[in-house]
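Presented below is the structure to which this report refers.
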Amino acid sequence: MKPAPGSQQLPDGARILKGDRPIEGVQVIAKRRIPDERGTIFHMLRVTDPEFREFGEIYFSTVYPGVIKGWHRHREMTLNYACISGRVKLALYDDREGSATRGTLMEIHLGPDSHLLVVIPPEVWNGFKGMSEPNAIIANCCSKPHDPSRSDRLDPFKNDIPYDWEVRHH
């Protein structure tokens, strides 16, 4: 799909399922990997990167194969997700009042062959599903310290978000 004027070209592993451009404020950025005989350095986020906003905290979330963590959204916090081990399928949905991309649904595959940073602005619904054994690990360098009272949650299956977590055989 050709991006709308002014929107970013999505890297491999990211796609729009519903809508004509990426969700307003979402950035999907291919990050540098530096492999050598000793191992690999995976870049995530630097204070000098244009997508960096502010530092609140960094935490790591594990997810087991087939398990879904979502849906949730944060009222003020910007999320910066990278998968540092294993694979996940990340889904994003915009239902923000007044957003030019309201109703847009995105799916992004993160893992060793799709090393991406996904920047998720406040109020965008997101969730991820574990796709690897024994688990996957998501790093989140968020802009504010996590405060559960400033977020909303939905059941991954019983909601109005038009997304199916099953594997697509296409």
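Of the strands (runs of 3 or more DSSP E) entirely within the range 115-170, those holding at least 3 residues that are in contact with a Cys (Cβ under 8 Å, 6 or more places away or on another chain) occupy 136-142. Within the option set Ile84, Ile16, Ile68, being open to solvent by 30 Å² or more (accessible area, probe 1.4 Å), of a type in the set (A, V, I, L, M) and farther than 22 Å from Asp164 by Cβ holds for one residue only, Ile84. The set of residues from the range 33-53 being surrounded by 10 or more Cβ atoms within 10 Å (Cβ to Cβ) and over 30 Å from Asp160 (Cβ atoms) comprises Arg33, Thr40, Ile41, Phe42, His43, Met44, Leu45, Asp49, Phe52. Here the range 7-34 is the region considered, the condition is being polar (S, T, N, Q) and assigned to a loop (DSSP other than H, G, I, E, B), and the residue that is modelled with the highest pLDDT is Gln9. When we screen Arg96, Arg46 for residues that are modelled with pLDDT under 95 and part of a loop (DSSP other than H, G, I, E, B), the only hit is Arg46.
At negative phi, part of a loop (DSSP other than H, G, I, E, B), open to solvent by 10 Å² or more (accessible area, probe 1.4 Å) and among the β-branched types (Val, Ile, Thr): does that describe Thr101?
Details: at negative phi: yes; part of a loop (DSSP other than H, G, I, E, B): yes; open to solvent by 10 Å² or more (accessible area, probe 1.4 Å): no; among the β-branched types (Val, Ile, Thr): yes.
The answer is no for Thr101.
Only one of these is surrounded by 14 or more Cβ atoms within 10 Å (Cβ to Cβ), among the aliphatic types (A, V, I, L, M), touching a Leu at 6+ places or on another chain (Cβ under 7 Å) and in contact (Cβ under 8 Å) with a residue 40 or more places away in the chain: Leu116, Leu79. Name it. Even if it seems obvious, please write down each step before you answer.
Numbers: Leu79 fails: touching a Leu at 6+ places or on another chain (Cβ under 7 Å).
Residue meeting the stated conditions: Leu116.
The values are calculated or read from the model by the stated rules, or taken from the named source; none is laboratory data. All figures in this text were calculated on a predicted structure; none of them were measured in a lab. Cβ coordinates were reconstructed from backbone atoms using ideal geometry, including for glycine residues, and neighbour counts include every protein chain displayed. Side chains are part of the model used for accessible areas, which takes the heavy atoms of the whole protein and leaves out ligands, DNA and RNA. Shrake-Rupley method; radii C 1.70, N 1.55, O 1.52, S 1.80 Å.
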